[in-house]
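Student: Please see the structure below; I have some questions.
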Amino acid sequence: MKSLLLFFEHLGMGTLLLLRTLKSLREIGKVLKHPFWEQMDVMFFGSVPLVILTAVFSGLVTTVQIGYYGRGYAPLDYVGVAVAKMVMIELGPVLTALIVAGRIGAGIAAEIGTMRVTEQIDSLECMGIDPVRFLVLPRVLAGMVILPALTIVADLTAILTSSIAADFYIGVPTYIYFHGIRLFFAPKDLWGGLIKSLFFGIIITMVGSHWGFATEKGATGVGKATTSAVVTSSLFIIFADYILTVMIYR
Amino acid sequence: MIELIDVHKSFGKKEVLRGVNLKVVSGECLVILGRSGTGKSVLLKHIVGLIQPNRGKVIVDGVDINRISEARLYEIRRNIGFVFQGGALFDSMDVFTNVAMPLIENEKFSDKEIEERVMHVLGLVDLQDAAFLMPSELSGGMRKRVAIARALVAEPGYILYDEPTTGLDPIISDRINDLMIELNSQLGVTSVVVTHDIHSALRIADRIVLLSNGVIKVNTKRSDVWNVDDPEFRDFLRVFKALKEIE
């Protein structure tokens with residue numbers, strides 16, 4: 001019962017934070033001057049190596065598995081299109097979001113949480129500065145741009161490594177691999193995945209900010225907020241993935 | 001003028017403030033004295049609306065701050081500087097940017113004006129050389145002085161100090177006391193200081209109030225402190241006397 005109450009308490013607080021973030025869009029001019037670019041820089045360049053590494057291995061694994069499942073049932077010449085669609089629609093956006101949730105979501109919760117327990121957020125309020133506009137809005141806006149950008153990087157990397165693996169493990173030459181992609185590529189595969197990643201960007205940054213603002217009880221509280229941010233955003237990403245997939249591809 | 005009328009505040013079952021009535025007159029330095037955990041900081045945070053009372057009113061310059069819009073509250077806060085106990089400096093910014101923050105956000109000042117005003121207030125707290133250090137590179141006393149500079153930079157009418165000398169050595173404490181006296185007398189800033197440091201209280205205060213058990217038990221001019229009968233207040237004075245005798 002207590003856990004249920006706590007769940008609804010956080011859901012309410014999160015919704016209020018979302019509304020306050022939307023309200024703070026009035027002052028978007030102040031955000032775009034400096035903090036937005038700073039967040040873009042931190043989020044993108046800090047995450048690119050991790051995203052590339054994850055995409056390399058997911059490209060390799062997917063190719064090898066398709067080779068295994070498809071042998072004897074489906075023409076392996078179409079392994080390219082199978083991997084590309086899987087990567088663009090599902091693996092690219094979701095894996096990137098889960099990786100970024102662990103890095104950026106946790107970072108946001110820890111940073112804002114520390115500011116909460118050391119009275120830095122109170123200090124902002126005392127100066128007449130809206131902490132939501134100052135801390136949350138730049139992160140959410142940056143997340144909305146960075147997640148699709150990182151997803152494109154992940155898609156390209158996974159498809160490229162998959163084409164090499166297809167040649168190496170299954171014996172499908174690279175030109176046939178890409179020919180298959182060209183033949184069956186539908187723009188919806190790409191933009192659908194990017195729309196998903198845009199929503200994942202909002203989820204990761206909003207959830208991280210919420211747990212940061214909800215932090216209490218010193219260093220222990222910061223640790224708990226960080227863990228909660230990663231767990232909550234991962235669950236929300238998987239839930240939102242289902243909803244968005246049904247809305248876009250059904 | 002700041003006025004608290006019958007302010008009550010509880011956290012869960014714990015009643016921290018049980019009907020506080022207090023007036024802070026413009027230009028004075030009021031010290032709120034009390035033992036640790038008596039709700040002094042909670043009381044101070046009510047004045048800027050960081051904490052809302054369960055019952056009662058907090059009036060700043062004639063406005064009940066708990067009955068106004070957020071935008072109006074931010075406007076009122078811009079006329080109040082708040083010096084937090086730990087300084088509450090922004091870790092990711094250097095001293096200069098920390099102090100400049102209220103001016104940068106105001107958007108009325110040119111870069112040159114901001115630089116002049118920041119260096120001026122850093123000069124007042126004797127920290128011009130530390131302008132480009134990060135907060136992590138500062139000592140406790142320096143952090144407090146940067147926090148005072150930041151509270152001062154927008155030239156507020158009021159400055160609220162939360163335990164400004166706690167955790168500092170006696171020499172730095174005395175420098176902070178001198179600084180508060182100077183700001184009060186030279187710039188005419190109204191100050192409210194929360195402390196349990198009786199030595200500091202007797203140096204800087206025009207008036208001292210004692211917060212105990214959630215109410216104001218003593219409210220006296222500094223010149224009349226030795227005539228107060230309250231046993232808890234006399235305990236504070238005894239500590240002060242003992243220190244003086246050792247000196």
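The values are calculated or read from the model by the stated rules, or taken from the named source; none is laboratory data. All values derive from a computational prediction rather than experimental measurement. Please note: Cβ atoms are built from the backbone with ideal geometry, for glycine as well, and neighbour counts cover all protein chains shown. Accessible surface areas use protein heavy atoms only, side chains included; no ligands, DNA or RNA. Shrake-Rupley method; radii C 1.70, N 1.55, O 1.52, S 1.80 Å.
Student: Once you average over the residues of A:128-141, how many Cβ atoms of partner chains fall within 10 Å of each Cβ?
Tutor: 2
Student: Which whole number gives the average count of other chain Cβ atoms within 10 Å of the Cβ atoms across peptide B:143-151?
Tutor: Taking the mean over all residues of the peptide, I get 1.
Student: Here is a further query. Helix-only mean residue ellipticity at 222 nm, chain B, DSSP H runs n ≥ 4 weighted -39,500 (n - 2.57), per residue, nearest 500. What is it? Walk me through the numbers on the way to the answer.
Tutor: Working: 8 runs with 95 residues, N = 247.
Helices in chain B give a 222 nm mean residue ellipticity of -12000 deg cm²/dmol.
Student: Given A:T63, A:P49, A:P75, which one lies farthest toward the positive end of the charge dipole of region A:1-96, if we put +1 on the Cβ of every Lys and Arg and -1 on the Cβ of every Asp and Glu?
Tutor: In region A:1-96, that residue is A:P49.
Student: Ok, one more. Report, in debye and to the nearest 20, how large the dipole of region B:1-89 comes out about its Cα centre when Lys and Arg carry +1 and Asp and Glu carry -1 on their Cβ.
Tutor: My answer is approximately 380 debye.
Student: How would you classify chain B from its alpha-carbon gyration tensor, with a ≥ b ≥ c the square roots of the eigenvalues: rounded for a/c under 1.5, else prolate if a/b is greater than b/c, otherwise oblate? Don't skip to the answer; put the middle values down first.
Tutor: Details: a/c = 1.90, a/b = 1.25, b/c = 1.52.
Oblate shape, in that a/c is at least 1.5 and b/c is the bigger or equal ratio.
Student: Then there's this: As a test of reading the structure, rank A:H10, A:H210, A:H34, B:H196 by solvent-accessible area (1.4 Å probe, protein chains only), most first.
Tutor: Heavy-atom accessible area, descending, gives A:H34, B:H196, A:H10, A:H210.
Student: Which cross-chain or sequence-distant (5 or more) residues have an amide H under 5 Å from the amide H of B:V16, H modelled 1.01 Å from N in plane?
Tutor: HN-HN under 5 Å from B:V16: B:K9, B:S10, B:F11.
Student: What is the spin-label model distance, in nm, from B:R18 to A:Y249 if the labels are put 7 Å beyond Cα along the C-beta direction?
Tutor: With each label placed 7 Å out from Cα toward Cβ, I get 6.5 nm.
Student: Would you mind working out the magnitude of the charge dipole of region A:1-124 relative to its Cα centre, with +1 at each Lys and Arg C-beta and -1 at each Asp and Glu C-beta, to the nearest 20 Debye?
Tutor: About 220 debye.
Student: Could you work out how much longer the chain between B:E137 and B:E116 gets when fully extended? Use 0.36 nm per residue separation minus the Cα distance between them, nm to one decimal.
Tutor: In short, 5.2 nm is gained.
Student: Going by amide H atoms built from the backbone, whose H comes under 5 Å of the H on B:V218, apart from near neighbours?
Tutor: For B:V218, the qualifying residues are B:L210.
Student: Moving to a separate point now. Starting from the Cα of A:E38, move 7 Å in the Cα-to-Cβ direction to define the label point; list residues of region A:132-155 whose amide nitrogen is under 19 Å from there.
Tutor: Those under the cut-off are A:132-146.
Student: Helix by helix through chain A, keep the DSSP H runs that span 15 Å or more along the axis on Cα and average at least -0.5 on Kyte-Doolittle, and give those back in order.
Tutor: Details: long enough: A:2-23 (31 Å, 0.90); A:35-70 (49 Å, 1.01); A:106-117 (16 Å, 0.92); A:137-165 (41 Å, 1.69); A:174-184 (16 Å, 0.64); A:187-213 (39 Å, 0.80); A:218-249 (45 Å, 1.25).
Helices meeting the span and hydropathy rule in chain A are A:2-23, A:35-70, A:106-117, A:137-165, A:174-184, A:187-213, A:218-249.
Student: Let a ≥ b ≥ c be the square roots of the eigenvalues of the Cα gyration tensor of region B:124-182; is it rounded (a/c under 1.5), or, if not, prolate (a/b larger than b/c) or oblate?
Tutor: Oblate shape, in that a/c is at least 1.5 and b/c is the bigger or equal ratio.
Student: Still on this structure: With +1 on each Lys and Arg Cβ and -1 on each Asp and Glu Cβ, and nothing else charged, work out how big the dipole of region A:1-62 is about its Cα centre, in Debye to the nearest 20.
Tutor: Working: 6 positive and 4 negative charges, 58 e Å.
With only Lys, Arg, Asp and Glu charged at Cβ, the dipole is about 280 debye.
Student: Using a 1.4 Å probe and counting only protein heavy atoms, how much accessible surface gets buried when B and A come together, both sides summed, in Å² to the nearest 100?
Tutor: Numbers: alone 12150 and 13130 Å², together 23490 Å².
Using a 1.4 Å probe on protein heavy atoms, the buried area is about 1800 Å².
Student: Sequence gap at least 6, Cα distance under 8 Å: using those rules, report the relative contact order of region A:14-131 to the nearest whole percent.
Tutor: 22 percent
Student: Peptide B:68-78: average number of partner chain Cβ atoms within 10 Å per residue?
Tutor: Partner Cβ neighbours, averaged per residue: 2.
Student: At B:M93 and B:K57, where each label point lies 7 Å from the Cα along Cα→Cβ, what is the point-to-point distance in nanometres?
Tutor: With each label point 7 Å from Cα toward Cβ, the separation is 3.5 nm.
Student: Still on this structure, I have one more. Among the listed pairs A:K23/A:K217; A:K23/B:K57; A:K33/B:K144; A:K217/B:K45; B:K45/B:K241; B:K9/B:K144, give every one whose C-alpha distance is greater than 20 Å.
Tutor: Cα-Cα > 20 Å for A:K23/A:K217; A:K23/B:K57; A:K33/B:K144; B:K45/B:K241; B:K9/B:K144; rest within.
Student: Could you order A:M13, B:M119, A:M88 so the one with the most accessible surface comes first? Probe is 1.4 Å.
Tutor: A:M13, B:M119, A:M88
Student: Just give the residues from region A:104-126 buried by at least 50 square angstrom of accessible area in the all-chains context relative to the isolated chain, probe 1.4 Å, and say none if nothing qualifies.
Tutor: A:E119, A:Q120, A:E125, A:C126
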